[in-house]
Amino acid sequence: MRAFFILFGKELRSFFLSPLAYVVMALFTFLNGWLFISMVKAMQLQVSSRSLIYNLFSSGWFWMGYFILFPLITMRLFAEERKMGTIEGLLTAPVRTAEVVLAKYAATVVVYVVIVAPVFLFFPLFQAVTGEEAAFHTGAVWGSAMGLFLVGLFNVAIGTLASALTTNQLIAAMLTFVFVMLHYFLGFLQNFGMVPGSAWTAGMAYFSTTEHIQSLSEGLIDSRPVIYYLSFSIVLLAFTHLIVESRKWRV
Amino acid sequence: MIEARNLTKRYAGRTAVDAVSFEVGKGEIVGFLGPNGAGKSTTLRMLTCFLSASEGTATVAGYDIYEDSIEVRRRVGYMPENVPLYPDMRVDEYLRFRARIKGLGWRATRFAVGEAMDICSLAEVEKKMISTLSKGYKQRVGLADALVNKPELLILDEPTNGLDPNQIRQSRELIKRLGERHTILISTHILSEVEMTCGRVIIIDRGHIRASDSPQNLIRRLRKPGSVILELKGSVEPAKAKIEGIDGVKEVSVIHERGAWVSFAITTDPLVDVREDLFALVQREKWSIRELASRAASLEDAFVDILQQSPATTPGASEESPALNLEESITAEDLDESALVARDEEGTKSNPVDPAV
């Protein structure tokens with residue numbers, strides 16, 4: 001556990017001492033700020049039965065920017081260490097591989113939270129500026145924040161695994177992006193050409209990130225997505241551990 | 001300190017290390033010697049628990065490298081080949097980080113990092129980014145990292161690789177000093193380094209151990225006759241005939257003629273010193289001489305000799321030269337400095353001597 005905190009600190013530090021975190025954070029916040037304003041304008045023109053939060057997180061624009069985040073913050077985790085050879089010094093120190101994997105993962109999750117958190121400042125800021133009555137519940141804000149956190153846990157785990165698979169950061173980034181998108185589209189499959197009401201459709205609905213977020217952004221906390229994202233994150237990290245340890249397999 | 005038994009590493013279709021067994025005692029400085037690709041790094045990586053052995057095992061400080069990997073790693077300071085470091089960290093910061101993950105507490109870390117920087121003379125670059133350091137400094141940071149938690153065993157993979165001659169000499173002295181406190185296993189292909197620092201040498205080639213002994217014993221074991229160089233002013237043939245007349249001289253050949261000066265390579269029976277007789281001859285004949293020296297065999301000769309005895313020939317070795325011929329060629333070539341360099345570059349390619357010269 002001791003080594004975990006030391007490694008966690010080192011990872012965080014190397015994130016926030018490099019310009020990458022700040023550039024990503026600035027661009028992401030700018031993009032979503034713009035999107036937020038557009039949403040507000042759109043809702044002025046056209047009456048919507050949904051809340052601002054629901055509309056923001058249902059917009060394809062939001063997800064586009066959102067999914068580019070993960071390759072950027074996860075690609076260097078293992079790929080860079082393996083490329084530079086520093087992994088050799090790291091894994092010959094008296095630390096457990098699990099501590100290394102978890103420290104890198106946890107630090108990246110923190111970075112993810114720091115990057116995404118400003119989006120949730122938009123809502124109180126909007127109210128403070130306009131002085132309008134809340135057009136949404138606090139529960140909806142918390143619910144969608146929780147949803148994004150869970151999806152983040154899952155996607156960062158995908159990126160961590162991809163980064164452990166290769167020594168090339170670009171390949172790691174592309175793998176992450178493809179898998180993150182594939183998982184997202186899995187939830188849309190029910191919309192294409194399948195008989196409504198079939199077992200398939202119902203099954204696929206469980207994978208639908210959009211649906212999870214939508215129900216959470218209405219303030220409805222369902223335990224199923226919580227368990228879904230947490231358990232898959234654990235499985236992905238277990239795979240990462242396996243990959244990093246694979247050099248020690250007796251073959 | 002290290003006890004390796006049948007350590008084997010197989011990669012897909014290739015055996016990098018083949019049933020290697022050796023021991024390193026406490027307090028020893030052992031040189032791990034071999035040509036490139038001999039399996040040195042792979043063996044060290046297994047000992048430091050970075051790779052696992054396909055077969056066999058080893059204990060380090062009494063702990064099994066597979067079963068008690070963490071305990072082994074606590075006791076080993078390892079400097080990997082090419083010294084990988086985090087370029088975006090400062091020297092002191094990097095060493096503090098390394099000391100911490102090696103299990104030192106806050107206070108111990110401050111003290112240990114200071115000490116390691118002292119030993120490796122890093123004070124002047126303490127606050128510099130590692131990416132801006134020269135190769136020599138990076139090497140020293142790597143060494144400071146390896147010894148920061150005062151491990152019982154230091155494993156250094158080619159620590160002087162890529163340094164200039166002056167830096168090599170400095171690091172040699174440093175390693176010698178470290179040998180007073182640590183057991184050291186050091187891999188290298190620079191022979192003079194081993195000859196000067198190591199009490200024992202393990203020679204490995206294509207995954208097999210070829211020899212394990214002190215440098216002195218390896219040289220002594222060398223099946224190589226003694227040789228003397230004599231450079232005199234005079235004509236070749238009569239002088240040659242007279243030298244051949246001395247008891248114990250096996251063969252006389254000409255290394256080079258420069259103007260009136262002729263340089264002879266005199267091969268003698270093993271362990272026979274003909275220098276006194278030669279001097280008497282020179283006095284009798286009233287020759288002018290400007291060199292009379294015996295050439296001691298070096299670890300390099302022993303190394304080349306041992307590798308050539310290996311069962312399978314290296315690709316560079318010429319097929320048509322039988323062992324006897326090779327041996328002659330070593331003797332004659334070694335006498336000539338330039339040929340020595342040339343041989344280094346060409347591997348074990350032989351150049352048989354024409355006895356008629």
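For region A:40-79, the set of residues classified as small (Gly, Ala, Ser) and farther than 23 Å from A:Ala162 by Cβ consists of A:Ala42, A:Ser48, A:Ser49, A:Ser51, A:Ser58, A:Ser59, A:Gly60, listed by residue number.
Kindly check whether there is at least one residue in region B:120-128 that is touching a strand residue (DSSP E or B) at 6+ places or on another chain (Cβ under 8 Å), outside any loop (DSSP other than H, G, I, E, B) and among the small types (Gly, Ala, Ser). Taking every residue of region B:120-128 in turn, none turns out to be touching a strand residue (DSSP E or B) at 6+ places or on another chain (Cβ under 8 Å), outside any loop (DSSP other than H, G, I, E, B) and among the small types (Gly, Ala, Ser).
Report whether or not A:Val151 is crowded, with 20+ Cβ neighbours inside 10 Å, in contact with a helix residue (DSSP H, G or I) (Cβ under 9 Å, 6 or more places away or on another chain), in contact (Cβ under 8 Å) with a residue 12 or more places away in the chain and within 14 Å of chain B (Cβ to nearest Cβ).
Details: crowded, with 20+ Cβ neighbours inside 10 Å: yes; in contact with a helix residue (DSSP H, G or I) (Cβ under 9 Å, 6 or more places away or on another chain): yes; in contact (Cβ under 8 Å) with a residue 12 or more places away in the chain: yes; within 14 Å of chain B (Cβ to nearest Cβ): no.
For A:Val151, the condition - crowded, with 20+ Cβ neighbours inside 10 Å, in contact with a helix residue (DSSP H, G or I) (Cβ under 9 Å, 6 or more places away or on another chain), in contact (Cβ under 8 Å) with a residue 12 or more places away in the chain and within 14 Å of chain B (Cβ to nearest Cβ) - is not met.
Check A:Ser58, A:Ser144 and return the single one that is buried (at least 18 other Cβ atoms within 10 Å of the Cβ), away from chain B (no Cβ under 14 Å) and in contact with a helix residue (DSSP H, G or I) (Cβ under 7 Å, 6 or more places away or on another chain). It is A:Ser144.
Scanning region B:74-84 for residues that are at the interface with chain A (Cβ under 7 Å from one of its Cβ atoms) and closer than 17 Å to A:Glu81 by Cβ gives B:Tyr78, B:Pro80, B:Asn82, B:Pro84.
Condition check: within 14 Å of the chain's Cα centre (by Cα), surrounded by 14 or more Cβ atoms within 10 Å (Cβ to Cβ) and in a helix (DSSP H, G or I). Does A:Val40 satisfy that? So that I can check it myself, show each step before the final result.
On the way: within 14 Å of the chain's Cα centre (by Cα): no; surrounded by 14 or more Cβ atoms within 10 Å (Cβ to Cβ): yes; in a helix (DSSP H, G or I): yes.
Here the answer is no, as A:Val40 does not meet what is asked.
For region B:41-70, the set of residues classified as within 8 Å of chain A (Cβ to nearest Cβ) and either buried (at least 19 other Cβ atoms within 10 Å of the Cβ) or without any contact (Cβ under 8 Å) to a residue 24 or more places away in the chain (or both) consists of B:Arg45, B:Thr48, B:Cys49, B:Phe50, B:Leu51, B:Ser52, B:Ala53, B:Ile70, listed by residue number. The single condition among (1) free of Cβ contacts under 8 Å to residues at least 24 places away in the same chain; (2) within 13 Å of another protein chain (Cβ to nearest Cβ) that B:Glu23 does not meet is (2). Scoring B:Leu218 on the criteria (1) surrounded by fewer than 18 Cβ atoms within 10 Å (Cβ to Cβ); (2) in contact with a helix residue (DSSP H, G or I) (Cβ under 6 Å, 6 or more places away or on another chain) leaves a single failure, condition (1). Elements of the type strands (runs of 3 or more DSSP E) sitting completely within region B:164-235 and holding at least 2 residues that are over 26 Å from B:Ala16 (Cα atoms) and at pLDDT 80 or above: these cover B:227-233.
Here the condition is being over 24 Å from the mean Cα position of the chain (by Cα) and without any contact (Cβ under 8 Å) to a residue 60 or more places away in the chain; of B:Leu178, B:Leu163, B:Leu104, it holds for B:Leu104 alone.
Could you tell me how many of the residues in region A:1-34 are more than 14 Å from chain B (Cβ to nearest Cβ) and either surrounded by fewer than 15 Cβ atoms within 10 Å (Cβ to Cβ) or touching a Leu at 6+ places or on another chain (Cβ under 7 Å) (or both)? Walk me through how you get there before you give the answer.
Here is the first cut: in region A:1-34, the ones more than 14 Å from chain B (Cβ to nearest Cβ) are A:22-34.
If we keep only those that are either surrounded by fewer than 15 Cβ atoms within 10 Å (Cβ to Cβ) or touching a Leu at 6+ places or on another chain (Cβ under 7 Å) (or both) as well, we get A:22-24, A:26, A:28, A:30, A:34.
Adding up the residues that qualify gives 7.
Annotation: of all residues in region A:216-251 being free of Cβ contacts under 8 Å to residues at least 12 places away in the same chain and closer than 25 Å to A:Phe136 by Cβ, the one that is farthest from the other protein chains (Cβ to nearest Cβ) is A:Asp222.
Does at least one position in region B:117-129 carry a residue that is within 9 Å of chain A (Cβ to nearest Cβ), over 24 Å from B:Leu47 (Cα atoms) and surrounded by fewer than 21 Cβ atoms within 10 Å (Cβ to Cβ)? Reasoning before the result, please.
Kept after step one, since they are within 9 Å of chain A (Cβ to nearest Cβ), are these residues of region B:117-129: none.
No, the conditions are met nowhere in region B:117-129.
When residues in region A:73-95 are screened for being more than 7 Å from every other protein chain (Cβ to nearest Cβ) and either surrounded by fewer than 21 Cβ atoms within 10 Å (Cβ to Cβ) or not acidic (Asp, Glu) (or both), 12 of them pass.
The values are calculated or read from the model by the stated rules, or taken from the named source; none is laboratory data. The structure displayed is predicted, hence computed values, not measured ones. All Cβ positions, even for glycine, are placed from backbone atoms using ideal geometry, and neighbour counts span all protein chains on display.
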